[in-house]
Amino acid sequence: MSSIAKNLQHVQHQIAASAERARRAPSSIQLLAVSKTFGEDAVREAVQAGQFAFGENYLQEALEKIEALKSPAPAARLEWHFIGPIQSNKTRPIAEQFDWVHSVDREKIARRLSEQRPAELGPLNVCLQVNISGEASKSGLTPQELPEVAAQVAQLPHIRLRGLMAIPEPTEDAARQHQAFAAVRALYESLRAGGLALDTLSMGMSADLEAAVAEGATIVRIGSAIFGARNYT
């Protein structure tokens with residue numbers, strides 16, 4: 001068994017244990033393997049171990065991997081999620097090549113994705129990114145902006161608004177982790193109560209996985225715990 005396969009198994013056990021402690025079904029939580037900065041060989045190893053959903057932050061790198069992994073085709077179709085910041089002039093390839101976008105932070109971006117989504121691919125699954133900790137360095141809608149933008153995005157024809165994504169301010173304090181994720185869940189529930197058919201909370205990474213699962217995450221984004229330490233040089 002490769003190290004990536006072993007790591008995947010370990011993370012899946014972590015998710016299952018966290019789900020059981022939260023009295024949730026492990027099957028209600030999807031593992032998104034964040035493969036940014038790792039090459040196609042690492043993704044292939046993960047695919048061979050049964051992982052088929054991958055998250056990417058950097059568009060050009062992602063497009064090269066998506067193309068390389070089209071042939072030979074894996075046993076099951078890969079699902080590609082864009083989770084990084086989105087520039088207005090880069091929306092077309094995202095709309096054309098990805099299945100999900102987690103990082104929509106303004107109506108203009110959602111509108112461009114809708115306009116540029118090829119009809120034959122079906123709706124693009126979208127999450128709105130919320131800056132739940134109010135960090136100046138992070139993208140995302142404020143909680144106050146969210147309801148209006150969510151209502152606008154939900155009306156766009158070629159995307160499907162699935163839910164919310166958040167990256168809270170890092171902390172080792174479990175209580176603060178729970179507090180941040182609970183705040184995201186409260187926003188999500190408020191939107192659902194207002195009539196939006198949402199089903200996705202994309203939140204939680206390696207360091208705060210348990211708190212995210214306890215507070216209702218349906219997608220957890222795990223990278224280094226699967227692929228190893230990243231080299232950004």
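The values are calculated or read from the model by the stated rules, or taken from the named source; none is laboratory data. Being a predicted model, the structure only gives us computed values, none of them experimental. All Cβ positions, glycine included, derive from the backbone under ideal geometry; neighbour counts span all protein chains shown. In case anyone asks, the SASA skips ligands and DNA or RNA and just uses the protein heavy atoms, side chains included. Shrake-Rupley method; radii C 1.70, N 1.55, O 1.52, S 1.80 Å.
Considering only residues that are under 30 Å from Glu145 (Cα atoms) and basic (Lys, Arg), which ones fall in region 62-115?
Lys90, Arg92, Arg106, Lys108, Arg111, Arg112 - these are the residues of region 62-115 that are under 30 Å from Glu145 (Cα atoms) and basic (Lys, Arg).
Go through region 174-209 and report how many residues are among the hydroxyl-bearing types (Ser, Thr, Tyr) and either under 23 Å from Val34 (Cα atoms) or assigned to a loop (DSSP other than H, G, I, E, B) (or both).
Here the count works out to 3.
On the given criteria, is Asn57 of a type in the set (S, T, N, Q), over 19 Å from His158 (Cα atoms), surrounded by 14 or more Cβ atoms within 10 Å (Cβ to Cβ) and at pLDDT 95 or above?
Yes.
Name the residues in region 210-220 that are under 19 Å from Cys127 (Cβ atoms) and open to solvent by 10 Å² or more (accessible area, probe 1.4 Å), would you?
Matches in region 210-220: Glu215, Gly216, Thr218.
Any chance you could count how many residues in region 126-173 are open to solvent by less than 10 Å² (accessible area, probe 1.4 Å), small (Gly, Ala, Ser), touching a residue at least 40 places away in the same chain (Cβ under 8 Å) and not in a helix (DSSP H, G or I)?
Here the count works out to 1.
Check whether at least one residue in region 68-88 is basic (Lys, Arg) and open to solvent by less than 20 Å² (accessible area, probe 1.4 Å), and report yes or no.
Initial filter on region 68-88 (basic (Lys, Arg)): 70, 77.
Then keep just the ones that are open to solvent by less than 20 Å² (accessible area, probe 1.4 Å); that gives none.
Within region 68-88, none of the residues are basic (Lys, Arg) and open to solvent by less than 20 Å² (accessible area, probe 1.4 Å).
In region 99-125, how many are assigned to a helix (DSSP H, G or I), of a type outside the set (A, V, I, L, M) and either in contact with a Cys (Cβ under 9 Å, 6 or more places away or on another chain) or touching a residue at least 24 places away in the same chain (Cβ under 8 Å) (or both)?
6
Considering each residue of region 13-45, count those that are open to solvent by 80 Å² or more (accessible area, probe 1.4 Å) and within 17 Å of the chain's Cα centre (by Cα), and give that number.
Total meeting the criteria: 1.
Kindly indicate whether Ala186 is of a type outside the set (Asp, Glu), at pLDDT 95 or above and open to solvent by less than 10 Å² (accessible area, probe 1.4 Å).
Details: of a type outside the set (Asp, Glu): yes; at pLDDT 95 or above: yes; open to solvent by less than 10 Å² (accessible area, probe 1.4 Å): no.
Spelling it out, it is not the case that Ala186 is of a type outside the set (Asp, Glu), at pLDDT 95 or above and open to solvent by less than 10 Å² (accessible area, probe 1.4 Å).
Kindly evaluate Ser103 against the criterion of being at pLDDT below 95 and hydroxyl-bearing (Ser, Thr, Tyr). Give the steps one after another, and end with the answer.
Numbers: at pLDDT below 95: no; hydroxyl-bearing (Ser, Thr, Tyr): yes.
Criteria not met by Ser103.
Are there any pairs with C-beta distances below 9 angstrom linking a residue in region 19-36 that is touching a residue at least 60 places away in the same chain (Cβ under 8 Å) to a residue that is in a helix (DSSP H, G or I) and polar (S, T, N, Q), with the two at least 6 apart or on different chains, and if so which?
Ala19/Ser27; Ala19/Ser28; Arg24/Ser18; Ile29/Ser18; Leu31/Gln12; Val34/Ser224
Would you pick out the residues in region 92-117 that are surrounded by fewer than 23 Cβ atoms within 10 Å (Cβ to Cβ) and within 15 Å of Leu63 (Cβ to Cβ)?
Listed by number, the residues that qualify are Arg92, Pro93, Ala95, Glu96, Gln97, Asp99, Gln116.
List the pairs whose first member sits in region 190-204 and is at positive phi and free of Cβ contacts under 8 Å to residues at least 24 places away in the same chain, whose second member is surrounded by 21 or more Cβ atoms within 10 Å (Cβ to Cβ) and not in a loop (DSSP other than H, G, I, E, B), and whose Cβ atoms are under 6 Å apart, counting only residues at least 6 apart or on separate chains?
The qualifying pairs are Gly204/Ala212; Gly204/Val220.
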